[in-house]
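J.: Structure in structure tokens, see below.
The values are calculated or read from the model by the stated rules, or taken from the named source; none is laboratory data. Since the structure is predicted, the reported quantities are computational estimates derived from the model, not experimental observations. Cβ placement follows ideal geometry from the backbone for every residue including glycine, while neighbour counts extend to all protein chains displayed. Accessible surface areas use protein heavy atoms only, side chains included; no ligands, DNA or RNA. Shrake-Rupley method; radii C 1.70, N 1.55, O 1.52, S 1.80 Å.
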Amino acid sequence: MNKLSNFRTQPAQPFFAQALLDWYPRHRRDLPWRHTQNPYAIWLSEIILQQTRVQQGLPYYERFLAAYPTVQDLANAPEQEVLRLWQGLGYYSRARNLRLTAQQVVNEYGGQFPGTYAELLKLRGVGPYTAAAIASFAFGERVAVLDGNVYRVLSRVFGITTDIALPAARKEFQQLADQLISYENPADYNQAIMEFGAIQCTPVNPDCLFCPVREQCFAFQHGMVQQLPVKSKAKAARTRYFHYFVLRHGEQVYLRRRGGKDIWHGLFDFHLLETPEAELPAKALLAELEQLGARVATDRVSEPAALMRHTLSHQKVEARFHELWLDAPLPAQALQSSGLEAYAAAQLDELPKPVIITNYLEQKSII
DNA sequence: TACCCGTGGTC
DNA sequence: TGACCAAGGGT
């Protein structure tokens, strides 16, 4: 517990809440999910916006609501279709959980979203932040949201130097946030503090000149705006080397659905051989083809592989695409063991794919 | 608890 | 170019 400001030892700060509630209507952006109290629409927007900028999530919100106007529509949708709509947003477990939760709401709650923070927390993909957001925005419950914006604003205004990257910081900040939230209008207060963090008290170059709480702000008064919040650095991303076998035969391309605990679960890519080093020896490539039962014209095997780099938040992927034209379709047994299936170009577009796969297919004019 | 899960924008 | 960051959650 790092207390730099005696300001925060007060039981509550009605001034702080009122300042934000005054600031909010004069600065708020006009966003579609701010025009509804429908819990389904609010839940959808909150899942989409997790670790995602408003400008990136906006078109997805519109598309999802158009494709699935009600929670029943979403519950009845095939997983592959939901993932395809989600394509390009990242963190694809959000999309799988989205559909599972829709089914949960239909089957266990009669199609009505639960109306309290505690019940909302039981839904898959709904954690403390999202439960508080839905409970306050849709049902007016007084529970404080705690997201990246709130961490930053509270850290600066109240001079809290606890490392916000540590899970233990959550307790301290949540306790403060719960004290500060307005009794009269918890929904607008929650919107206000996040919006304030997003457009005024920004990570870089915050607008302190026109800040309504700068006289009370610990960081501003002590020249520590650039130092707060304290956040330890993330672990460096590791590099992985992928060798994709783009197996082609006539109009067909072979892909398979990714599973397991690795990245891109539920999405489709090509047959993959991962190596500890960048290069794949020709011998290893031929051995892999042998195992697949793939018959490839030998003069095509040595063509240089296309290299594409793809950066994820926690790892770097260096992918080499080996385009291989088959003399004959893959034998049924190879399909069975590898999970590969042949798709025509028109079908490829319908499959949910990682961005790097879509980029490759587009570059090669396959889709 | 520590680590895992994507992508695009910004400086 | 690379590090940081964005309305977090699951395991």
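So that you can scan it fast, the table gives a plain yes or no per residue for (1) free of Cβ contacts under 8 Å to residues at least 60 places away in the same chain; (2) hydroxyl-bearing (S, T, Y):
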site: A:F137; (1), (2): no, no
site: A:Y151; (1), (2): no, yes
site: A:L166; (1), (2): no, no
site: A:K171; (1), (2): yes, no
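Okay, residues lined up against (1) within 16 Å of DNA strand C (Cβ to nearest atom); (2) open to solvent by 40 Å² or more (accessible area, probe 1.4 Å):
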{"residue": "A:S182", "(1), (2)": "no, no"}
{"residue": "A:A187", "(1), (2)": "yes, no"}
{"residue": "A:N205", "(1), (2)": "yes, yes"}
{"residue": "A:P212", "(1), (2)": "no, yes"}
{"residue": "A:F218", "(1), (2)": "no, no"}
{"residue": "A:G223", "(1), (2)": "no, yes"}
{"residue": "A:K231", "(1), (2)": "yes, yes"}
{"residue": "A:T239", "(1), (2)": "yes, yes"}
{"residue": "A:F242", "(1), (2)": "no, no"}
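J.: Go through (1) open to solvent by 50 Å² or more (accessible area, probe 1.4 Å); (2) within 14 Å of DNA strand C (Cβ to nearest atom); (3) basic (K, R) for A:R84 and report which single condition fails.
T.: Here A:R84 meets the rest and fails (2).
J.: Would you confirm whether any residue within the range A:118-129 is touching a Pro at 6+ places or on another chain (Cβ under 9 Å), of a type outside the set (V, I, T) and within 16 Å of DNA strand B (Cβ to nearest atom)?
T.: Taking every residue of the range A:118-129 in turn, at least one turns out to be touching a Pro at 6+ places or on another chain (Cβ under 9 Å), of a type outside the set (V, I, T) and within 16 Å of DNA strand B (Cβ to nearest atom).
J.: So which residues in the range A:88-133 are more than 16 Å from DNA strand C (Cβ to nearest atom) and of a type in the set (S, T, N, Q)?
T.: Result: A:N107, A:Q112.
J.: Answer with yes or no whether A:E350 is touching a helix residue (DSSP H, G or I) at 6+ places or on another chain (Cβ under 7 Å), outside the structural domain of A:Q80 (by TED's automatic domain parsing) and open to solvent by 70 Å² or more (accessible area, probe 1.4 Å).
T.: Judged against the criteria, A:E350 is a match.
J.: Scanning the range A:40-63 for residues that are open to solvent by 50 Å² or more (accessible area, probe 1.4 Å) and within 10 Å of the chain's Cα centre (by Cα), which turns out nearest to DNA strand B (Cβ to nearest atom)?
T.: Among residues in the range A:40-63 that are open to solvent by 50 Å² or more (accessible area, probe 1.4 Å) and within 10 Å of the chain's Cα centre (by Cα), the one nearest to DNA strand B (Cβ to nearest atom) is A:Q51.
J.: Small (G, A, S) and out of contact with any helix residue (DSSP H, G or I) (no Cβ under 9 Å at 6 or more places or on another chain) - does that describe any residue in the range A:201-221? Walk me through it before giving the result.
T.: Here is the first cut: in the range A:201-221, the residues small (G, A, S) are A:219.
Going one step further and asking which of them are out of contact with any helix residue (DSSP H, G or I) (no Cβ under 9 Å at 6 or more places or on another chain), we end up with none.
No, because not a single residue in the range A:201-221 is small (G, A, S) and out of contact with any helix residue (DSSP H, G or I) (no Cβ under 9 Å at 6 or more places or on another chain).
J.: Going residue by residue through the range A:318-333, is there one that turns out to be closer than 28 Å to A:Q51 by Cβ and either open to solvent by less than 40 Å² (accessible area, probe 1.4 Å) or within 16 Å of DNA strand B (Cβ to nearest atom) (or both)?
T.: Checking the range A:318-333: at least one residue is closer than 28 Å to A:Q51 by Cβ and either open to solvent by less than 40 Å² (accessible area, probe 1.4 Å) or within 16 Å of DNA strand B (Cβ to nearest atom) (or both).
J.: Kindly list the number of the only condition in (1) in a helix (DSSP H, G or I); (2) open to solvent by 30 Å² or more (accessible area, probe 1.4 Å); (3) closer than 23 Å to A:P69 by Cβ; (4) not aromatic (F, W, Y) that fails for A:A118.
T.: Just one mismatch for A:A118, condition (3).
J.: I need the full set of residues from the range A:334-347 which are open to solvent by 60 Å² or more (accessible area, probe 1.4 Å) and more than 15 Å from A:G250 (Cβ to Cβ), in order please.
T.: Across the range A:334-347, the qualifying residues are A:Q336, A:S337.
J.: Checking A:L176 against (1) open to solvent by 10 Å² or more (accessible area, probe 1.4 Å); (2) of a type outside the set (F, W, Y); (3) touching a Leu at 6+ places or on another chain (Cβ under 7 Å), only one condition comes out false. Which one?
T.: Looking at each condition in turn, A:L176 falls short on (1).
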